[in-house]
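Novice: Shown below is the structure under consideration.
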Amino acid sequence: MKAVTKMIANREKNIIQFLMKAGQTRVGAIADHLGLSEKTVSNSLKEIDPMLQAFGVTVVRKPKIGVYLEGDSQAFTQVARFIESQASTIPSTKEERVIYIFIQLLKASDYVTIQKLAEALYISRATIEKDMIEVTKMLENEGVALYKKPSKGMKLLIDEREKRALTSKFISNFWGSNWYLKQEGEKVLQAFDTIQADVTGIFPEEGLKEIIAIVREFSETHDFEFTDYAFQSIVIHLAIAVERIRKEEYVGNLASSVMKDALASQQQNTEALVTMLEESLDISIPDFEIGYIQMHLTAAYNQRNDDFFSNPVDPQDDVAGFIAACLAQMAYDQELLEGLTTHMKSAINRLQLGMHFKNPYLSKIKQNFPRAFEEALYLKTNVEQKYDVQVNEDETAYIALHFEAYHERIRSFPDPIHVALVCSTGLGSSRLLAARIKKYFPMIKIEKILSVQAMMEARIDVDLVISTIYLELEGIPSIVVSPMMSKEDLQQVERHMGQARHRNKTRSQPFLDLIQPEYIFAKLAVTTMEEAIAAIGKELITQGIAQVGIVESALRREELSFTSFDQMATPHAEPALINESAIIVATLEKPVKWGLVDVDKIFFIALTEQNDLDLDAVYEQFYKYIDNKRWMERLTQLGTSEAIYEHLIKDGM
């Protein structure tokens with residue numbers, strides 16, 4: 001093997017590690033995993049190939065097959081040792097610098113200056129100041145303010161407990177995908193890959209492996225089951241806590257007697273785990289630090305045993321009644337009410353004790369179930385006001401799953417066929433006809449039962465008219481049946497029902513129906529999320545679609561949870577401020593930062609409070625569009641509103 005002297009950048013290290021773990025994969029999968037563009041990954045693979053060839057490993061790329069590493073086991077072992085031996089390089093990309101700065105602020109006990117950061121990274125002050133904009137946004141998303149003092153520098157104004165919570169969340173975000181399962185003998189255990197160089201320096205990696213082994217031994221010895229997230233959560237917490245304890249930086253005491261009572265069931269398990277940690281790591285854990293370990297074990301137990309916190313905090317508090325009152329303005333069934341009540345009883349208690357569960361599917365839930373997430377946000381706001389708790393996005397997404405399950409149940413029923421009955425032989429025979437139809441066709445919704453005279457005077461808006469006499473109607477199909485409903489009549493009704501469904505499906509374009517040429521803006525010149533919403537809101541007011549206040553309403557909605565994902569955003573405002581339902585489509589001249597996402601496409605959803613709009617159908621068609629990546633890429637390339645509208649109408653689904 002030739003000597004390899006070239007230092008390897010963090011990006012290339014991460015790509016090699018991903019390839020070694022994934023085996024055969026795609027460039028797109030590597031890009032998604034590491035948050036890079038496919039072009040960047042392709043360029044990095046060209047850099048990696050000659051470097052790995054020195055070890056006898058080749059980067060193989062084949063059309064329709066993918067990309068993988070080829071070599072023998074000895075060569076792969078040498079590559080793995082080389083990767084592990086590489087010291088972290090100085091952050092070179094903007095993303096790496098932002099992470100580095102974030103870590104320095106977390107670790108610092110005193111002020112951090114722009115000048116010191118610039119000297120450490122060998123870049124200009126101006127570049128650091130630009131990076132600080134992103135760091136500030138990351139902190140704001142976590143509800144943390146960056147304190148700045150002239151001539152001193154900047155630092156985080158948070159206590160030790162808040163600093164650990166922020167560190168834990170930060171590590172989880174960058175480390176979550178590095179966990180995997182491995183088999184040792186007959187056992188399958190949790191393990192983790194080497195943490196990215198980006199997050200080293202917060203705690204020693206070898207110490208982390210030792211803590212994993214201790215928690216695993218505790219789990220087996222005391223028959224304590226962890227969910228995947230709970231296991232990762234307590235390991236990260238202990239790794240941070242041990243490092244901070246060694247530096248004599250402690251959290252405050254758990255003063256709440258309510259909290260102590262709630263955590264009492266895990267006292268013996270806590271004592272056992274603390275003993276194992278102190279003996280193995282040669283440290284002394286103070287009593288108030290033990291309280292937080294006990295809290296993590298209690299939370300872990302709660303995730304495995306949903307009934308642990310099932311009783312309301314206040315026995316007199318009717319949680320079911322409160323949930324029902326919140327749902328009064330929307331459609332729901334008993335299963336949704338019971339599911340939400342059970343979940344919220346547990347959640348309210350957990351949140352009052354400061355216990356939060358991470359939701360690994362948060363971004364997917366926001367993206368794929370927007371209606372359910374909006375309903376969950378409404379419930380979240382009410383819960384926060386009544387119970388004085390903070391419901392974060394992770395918990396909101398769990399609530400959204402209950403709403404989405406309800407919508408899925410409703411969608412599982414066939415779409416009703418709206419029918420009018422016309423009978424010439426009196427009320428008795430019409431009631432008999434209606435009963436027969438309901439018996440054989442429960443999916444038919446009988447809107448009206450009319451006499452012949454009433455039929456001549458009534459306004460009919462249905463899918464089908466079933467009559468005992470021959471009728472000639474314009475625009476509405478009709479069939480003639482006997483009040484007794486013979487076998488031939490049943491077959492005739494069934495045949496016409498199929499035709500009615502086909503007509504409804506063919507003419508239903510609810511998403512496109514809400515878009516007009518004047519609602520489309522190409523290459524909007526804005527630099528911030530706020531500017532984009534303001535520009536669109538102003539046009540909506542000018543065109544009479546919305547009322548004054550729509551901009552402020554949309555911005556308040558973004559404060560609850562950003563509506564951005566996959567380079568697009570779907571802002572919306574209170575329905576009371578919308579005069580006419582519409583969807584506004586805008587492409588941006590340059591991407592703008594929308595939360596943590598760079599957005600270049602906006603679909604502003606302006607819907608009224610009217611209940612005659614099929615929201616499920618609107619979102620279903622909308623997601624058929626945005627799931628077509630090639631179609632979406634073409635959308636951003638078009639330079640005029642006319643071209644975008646034509647793309648929507650002619651080239652869409």
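Novice: Only one of Ala525, Ala554 is modelled with pLDDT of 90 or more and more than 21 Å from Glu642 (Cβ to Cβ); which?
Specialist: Details: Ala525 fails: more than 21 Å from Glu642 (Cβ to Cβ).
Only one candidate passes the filter, namely Ala554.
Novice: If I go through the range 26-69 residue by residue, how many of them are under 28 Å from the mean Cα position of the chain (by Cα), in a helix (DSSP H, G or I) and within 14 Å of Lys13 (Cβ to Cβ)? Reasoning before the result, please.
Specialist: If we filter the range 26-69 for residues that are under 28 Å from the mean Cα position of the chain (by Cα), which is where we start, we get 26-41.
From the residues that got through so far, the ones that are in a helix (DSSP H, G or I) too are 27-34, 38-41.
Add one more test, that the residue is within 14 Å of Lys13 (Cβ to Cβ), and what stays is 30, 33-34, 41.
Of the residues in that region, 4 qualify.
Here is a yes/no grid of residues against (1) in contact (Cβ under 8 Å) with a residue 24 or more places away in the chain; (2) among the aliphatic types (A, V, I, L, M); (3) touching a strand residue (DSSP E or B) at 6+ places or on another chain (Cβ under 9 Å); (4) surrounded by fewer than 13 Cβ atoms within 10 Å (Cβ to Cβ):
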residue	(1), (2), (3), (4)
Ala434	no, yes, yes, no
Lys439	no, no, no, yes
Leu450	yes, yes, yes, no
Val462	yes, yes, yes, no
Leu490	yes, yes, no, no
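Novice: In this structure, is Ala420 out of contact with any helix residue (DSSP H, G or I) (no Cβ under 7 Å at 6 or more places or on another chain) and modelled with pLDDT of 85 or more?
Specialist: On the way: out of contact with any helix residue (DSSP H, G or I) (no Cβ under 7 Å at 6 or more places or on another chain): yes; modelled with pLDDT of 85 or more: yes.
So Ala420 passes the test.
Novice: OK, next. Identify the residue in the range 464-478 that is farther than 12 Å from Ile417 by Cβ and not small (Gly, Ala, Ser) and, among all such residues, is surrounded by the most Cβ atoms within 10 Å (Cβ to Cβ).
Specialist: Of all residues in the range 464-478, those farther than 12 Å from Ile417 by Cβ come to 467-476, 478.
Next cut, not small (Gly, Ala, Ser) only: 468-474, 476.
Details: Thr468: 18, Ile469: 12, Tyr470: 8, Leu471: 15, Glu472: 5, Leu473: 13, Glu474: 4, Ile476: 13.
If we take residues in the range 464-478 being farther than 12 Å from Ile417 by Cβ and not small (Gly, Ala, Ser), then Thr468 is surrounded by the most Cβ atoms within 10 Å (Cβ to Cβ).
Novice: Give all pairs with beta carbons closer than 9 Å in which a residue from the range 277-293 that is without any contact (Cβ under 8 Å) to a residue 12 or more places away in the chain and in the same structural domain as Ser233 (by TED's automatic domain parsing) meets a residue that is surrounded by 13 or more Cβ atoms within 10 Å (Cβ to Cβ) and assigned to a loop (DSSP other than H, G, I, E, B); count only pairs at least 6 apart in sequence or on separate chains.
Specialist: From the range 277-293, the pairs are Glu278/Ile285.
Residue-wise test of (1) farther than 26 Å from Met138 by Cα; (2) hydrophobic (A, V, I, L, M, F, W, C); (3) at pLDDT 90 or above; (4) under 22 Å from the mean Cα position of the chain (by Cα).
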| residue | (1), (2), (3), (4) |
| --- | --- |
| Ala573 | no, yes, no, yes |
| Pro591 | no, no, yes, yes |
| Leu596 | no, yes, no, yes |
| Val599 | no, yes, yes, yes |
| Phe604 | no, yes, yes, yes |
| Glu609 | yes, no, no, no |
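Novice: Additional query: Would you point out the residue of the range 108-143, among those that are surrounded by fewer than 12 Cβ atoms within 10 Å (Cβ to Cβ) and hydroxyl-bearing (Ser, Thr, Tyr), that is farthest from Glu95 (Cα to Cα)?
Specialist: The selected residue is Ser109.
Novice: Still on this structure: Run Ser429 past the list (1) over 49 Å from the mean Cα position of the chain (by Cα); (2) buried (at least 19 other Cβ atoms within 10 Å of the Cβ); (3) modelled with pLDDT under 80 and report the number of the one that doesn't hold.
Specialist: Status for Ser429: all satisfied but (2).
Novice: Another question about this same structure. When you scan the range 629-643, how many residues do you find that are touching a residue at least 60 places away in the same chain (Cβ under 8 Å) and farther than 13 Å from Leu524 by Cα?
Specialist: Here the count works out to 3.
Novice: Answer yes or no as to whether Leu157 is under 29 Å from Glu559 (Cα atoms), of a type outside the set (Phe, Trp, Tyr) and surrounded by fewer than 15 Cβ atoms within 10 Å (Cβ to Cβ). Spell out the reasoning first.
Specialist: On the way: under 29 Å from Glu559 (Cα atoms): yes; of a type outside the set (Phe, Trp, Tyr): yes; surrounded by fewer than 15 Cβ atoms within 10 Å (Cβ to Cβ): yes.
Yes: the conditions hold for Leu157.
Novice: For the range 537-556, name all the residues that are within 14 Å of Phe604 (Cα to Cα) and in contact with a Leu (Cβ under 8 Å, 6 or more places away or on another chain).
Specialist: Within the range 537-556, Ala546, Ile550, Ser553 qualify.
Novice: Name, by its number, the condition in (1) modelled with pLDDT under 80; (2) more than 30 Å from Glu95 (Cα to Cα); (3) in contact with a helix residue (DSSP H, G or I) (Cβ under 6 Å, 6 or more places away or on another chain); (4) not in a helix (DSSP H, G or I) that does not hold for Leu263.
Specialist: Every listed condition holds for Leu263 apart from (4).
The values are calculated or read from the model by the stated rules, or taken from the named source; none is laboratory data. Fair warning: this is a prediction, and the values are worked out from it, not measured in the lab. Reconstructed Cβ throughout: ideal geometry from the backbone, glycine too, with neighbour counts over all protein chains shown.
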